[in-house]
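Structure first, commentary second.
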There are 2 protein chains.
Amino acid sequence: MEFSRPRLLVLGGGQLGRMLGPAAARLDIATTVLDPTPACPAAATTDAQIVGSFADYTAVVEAAADVDAVTVEIEHVSTAALRDIASGGIAVHPDAAELETVQDKLAQRRALGEAGVPGPRFEALPDTEDNAERHAAAGRFGLPAVQKLRHGGYDGRGVAVLPGDAQADALLPGASYLEDLVDIDRELSVIVARSVSGATAVYPPFEMEMDPDLNLVRAVLYPARLPEEVLTRAEDVARRAVEALGGGGVHAVELFATRSGEVLVNEIAPRPHNSGHLTIEAAETDQFEQHLRAIFDLPLGSTRMRGPAVMTNIIASGAAGQTAYRGIAEAVTGEGAHVHLYGKRQSRPGRKMGHITVCRDDRDDARRAAEHAAAVLTVTGTAQTGR
Amino acid sequence: MEFSRPRLLVLGGGQLGRMLGPAAARLDIATTVLDPTPACPAAATTDAQIVGSFADYTAVVEAAADVDAVTVEIEHVSTAALRDIASGGIAVHPDAAELETVQDKLAQRRALGEAGVPGPRFEALPDTEDNAERHAAAGRFGLPAVQKLRHGGYDGRGVAVLPGDAQADALLPGASYLEDLVDIDRELSVIVARSVSGATAVYPPFEMEMDPDLNLVRAVLYPARLPEEVLTRAEDVARRAVEALGGGGVHAVELFATRSGEVLVNEIAPRPHNSGHLTIEAAETDQFEQHLRAIFDLPLGSTRMRGPAVMTNIIASGAAGQTAYRGIAEAVTGEGAHVHLYGKRQSRPGRKMGHITVCRDDRDDARRAAEHAAAVLTVTGTAQTGR
């Protein structure tokens with residue numbers, strides 16, 4: 001096979017593109033990112049940025065005029081543009097159909113359900129503004145339950161936990177559905193790569209510890225603290241889920257392991273994912289190179305883990321403003337500590353500004369070190385302007 | 001310590017800058033490279049390229065106008081510019097004095113000799129065009145010997161092995177010196193980081209297998225095939241060598257391990273080095289991040305190796321012309337194989353176009369896999385022009 005500097009367009013230029021850039025360079029893939037923010041995080045590690053909106057049909061079509069392949073680092077892109085680009089013979093992974101399924105969480109649930117992939121029981125809420133009618137439907141479904149908006153939710157937004165005695169005004173407005181409130185033991189993420197020719201490679205499950213206040217991943221742990229039998233089942237469920245959606249590239253399958261021993265799919269991101277960042281140091285092939293291998297139909301890489309690892313996110317605190325870091329020297333000091341800053345010029349409380357992965361022979365030791373590093377490395381905004 | 005997006009200028013934009021870029025991004029260091037070739041290899045992974053000559057005083061001074069620190073990926077830069085930049089309060093590592101010492105191999109030998117660092121016996125050849133006089137001096141020094149040009153040699157250029165019966169016309173023209181022809185058992189490289197506040201971190205010795213035809217590194221092996229006692233001595237010699245030169249940043253100390261058990265310094269590169277590329281995957285901290293930690297005075301990272309590894313260079317063959325790769329799919333297939341392409345647009349026979357590192361539990365197994373991967377991945381030039 002000839003492989004001479006293929007040209008890739010990435011829709012979105014945040015931290016995922018920033019971490020994809022080095023993998024693309026290793027394979028000499030010329031990478032352009034489309035992002036509305038000038039000097040976006042991915043601009044520093046890729047060949048070029050086009051300033052524009054990935055949700056805008058014309059911007060996407062124009063940006064793709066001169067490339068061999070298109071991928072995304074965010075789901076909320078113009079799928080109409082992707083459909084037309086693909087019909088012009090350019091490789092688009094994940095494809096428009098998969099992205100549309102994933103953009104609508106109810107469609108995603110239905111697609112997985114039809115494929116027999118285990119998930120919580122679910123049901124659409126009536127598409128009406130009459131809250132009494134919706135509340136009555138919720139009662140028939142059975143409370144307590146979780147209400148999820150079909151569109152636009154992420155990092156815990158667009159999700160409401162409805163207790164058994166929830167009143168009608170507790171319902172979120174907007175097109176939505178209900179799911180059973182699952183008795184969660186642990187949350188898992190399984191990174192699955194599916195190459196465009198159909199080969200799959202599955203990483204072992206990573207455990208996600210959620211921050212209940214920020215509704216963000218607080219820590220990702222490998223190995224996960226669950227019996228081998230559950231983990232093996234999680235890998236199987238995740239692989240089936242990705243095959244059900246049918247797209248190419250890396251996918252993150254978020255799963256609930258329940259106290260009764262079930263493994264249920266929560267949701268799928270058809271792209272590299274926060275929960276897979278520890279693969280950069282801890283896996284033989286990182287999720288970003290794996291994504292590129294998948295979409296350019298190279299053989300998928302080994303998903304073997306080189307040892308235990310724990311990742312913690314670095315979340316901004318304090319004031320909003322121009323980004324300032326404190327405590328980097330202490331954060332990089334720990335054995336096996338790897339600091340990744342995302343280069344976001346503007347800091348806002350709660351914003352993901354970087355992550356730290358610690359590799360140690362012992363997972364719990366790695367976890368203490370990662371939490372320490374994340375605690376000493378603070379990111380805040382300053383009033384200072386300029387560079 | 002505040003550490004808010006420091007700005008770094010790198011003189012030279014080849015593969016070393018290309019691999020430095022991702023490490024700089026992780027620490028949110030805004031990196032510009034100065035290189036005469038538009039779209040140089042480092043441009044893809046750094047914030048910006050200035051097209052210009054790193055050997056040109058004015059170009060270097062102008063490029064450094066707006067940065068906090070300057071470093072190099074090549075020794076042959078304008079040290080006059082670096083001296084003036086440093087006197088203006090910008091951090092320059094390695095500094096002009098060290099670079100001048102290293103640029104003149106005889107001065108380097110003398111500096112190491114004065115510090116008591118073991119090396120081959122050496123002596124300057126008379127600075128004359130009278131070959132008979134130089135030949136007579138060589139006879140007094142004792143042949144066989146190695147003649148080395150003081151300036152400009154690299155990858156085996158500027159070096160002549162003079163046999164015992166060498167005639168006067170065998171001498172290279174130019175300012176040069178003689179060294180004892182060492183009875184080499186193995187060649188080693190020890191990567192030593194020295195932070196600007198004086199801390200050092202030393203990687204275990206890597207073994208370099210040279211290609212006798214191309215005079216390039218053919219393979220770098222870890223662990224090296226020498227007794228522990230010799231390796232420990234090599235680390236000690238390398239650390240003393242770097243302390244003798246006094247500059248900040250990562251250094252590669254190339255060493256001869258002789259059949260009689262000596263460890264002698266061959267030469268020093270005051271920068272990340274081909275022999276250290278396997279640290280990207282195989283060491284806890286790679287040489288590029290280590291270099292940045294050293295020059296920005298962050299704590300140095302762990303030099304622990306995560307397991308055996310072998311690196312082989314990917315050398316262009318066939319015609320000169322626009323770069324084309326073949327065999328990438330097979331090259332990335334092996335367990336633990338990591339392909340790094342340098343993005344050089346023009347291929348010339350003998351040019352370094354990339355490298356492959358293979359990590360395996362067994363070094364000799366890794367070596368076979370690395371040599372296989374380097375054999376199947378061919379890089380040639382094509383007549384095709386355009387992108």
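The values are calculated or read from the model by the stated rules, or taken from the named source; none is laboratory data. Just so it is clear, the model here is predicted, and its values are computed rather than measured. Cβ placement follows ideal geometry from the backbone for every residue including glycine, while neighbour counts extend to all protein chains displayed. We work out accessible area using only protein heavy atoms, side chains counted, and drop any ligands, DNA or RNA first. Shrake-Rupley method; radii C 1.70, N 1.55, O 1.52, S 1.80 Å.
Listing for the model above:
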| item | result |
| --- | --- |
| Of the chymotrypsin sites (Phe, Trp or Tyr not before Pro) in region B:145-227, those whose Cβ has at most 15 other Cβ within 10 Å and which sit in DSSP loop | B:TYR154 |
| For the protein assembly as shown, alpha-carbon Rg relative to the globular expectation (2.2 N^0.38 Å, N residues) | 1.03 |
| Alpha carbon Rg of chain B, scaled by the compact-globule rule 2.2 N^0.38 Å | 0.98 |
| Built amide H within the under 5 Å cut-off of A:MET353, gap 5+ | A:ILE314, A:ILE315, A:ALA316 |
| Shielding by other protein chains, A:327-337, mean Cβ within 10 Å | 5 |
| For A:GLY14, residues with placed amide H under 5 Å, excluding near neighbours | A:ALA42 |
| Estimated [θ] at 222 nm from DSSP helical runs (n ≥ 4, -39500 (n - 2.57)) normalised by residues in chain A, nearest 500 | -8000 deg cm²/dmol |
| Interchain or long-range residues, amide H under 5 Å from B:ALA55's placed H | B:SER78 |
| Residues losing 50 Å² or more accessible surface upon assembly, region B:5-29, compared with the chain by itself, 1.4 Å | B:ARG5, B:ALA25, B:ARG26, B:ASP28 |
| Computed over region A:1-111: relative contact order in percent, which uses C-alpha pairs under 8 Å that are six or more apart | 24 percent |
| Backbone HN-Hα couplings from phi across region A:102-111 [Karplus 6.51/-1.76/1.60, Hz, Gly and Pro as x] | 6, 4, 9, 4, 5, 4, 4, 4, 5, 4 |
| Pseudo-label separations to other copies for A:GLY88 - Cα-to-Cβ vector, 7 Å, nm | 4.5 |
| Size of charge dipole - chain B - debye, nearest 20, with Cβ of Lys, Arg +1 and Asp, Glu -1, no other charges | 800 debye |
| Summed residue charge, Cβ within 9 Å of B:GLU254's Cβ, Lys/Arg positive, Asp/Glu negative | -2 |
| Computed label-point distance, nm, for sites A:GLU62 and A:ALA39 using a 7 Å Cα→Cβ extension | 2.3 nm |
| Given charges at beta-carbon only (K, R positive; D, E negative), |dipole| of the protein assembly as shown in Debye | 480 debye |
| Heavy-atom accessible area per residue - chain A, 1.4 Å, Å² | 37 Å² |
| In the protein assembly as shown, lysine pairs with alpha-carbon atoms under 20 angstrom apart (chain gap of 8 or more, or interchain) | 4 |
| Mean separation of Cα contacts under 8 Å (6+ apart) over length of chain B, as relative contact order % | 13 percent |
| Hypothetical label at A:ASN215: residues of region A:158-195 whose amide nitrogen lies under 16 Å (7 Å Cα-Cβ projection) | A:158-163, A:170-179, A:181-182 |
| Residue of chain A nearest the A-to-B rotation axis [by Cβ], rounded angstrom distance | A:PRO22, 2 |
| In sequence order, calculated HN-Hα J values of region A:6-17 (Karplus, 6.51, -1.76, 1.60; Hz; x Gly/Pro) | x, 9, 10, 9, 10, 7, x, x, x, 5, 5, x |
| Inter-copy separations for B:ARG304, label at 7 Å along Cα-Cβ, nm, ascending | 2.0 |
| 7 Å along Cα→Cβ, label-point gaps from A:GLN167 to other copies, nm, shortest first | 10.9 |
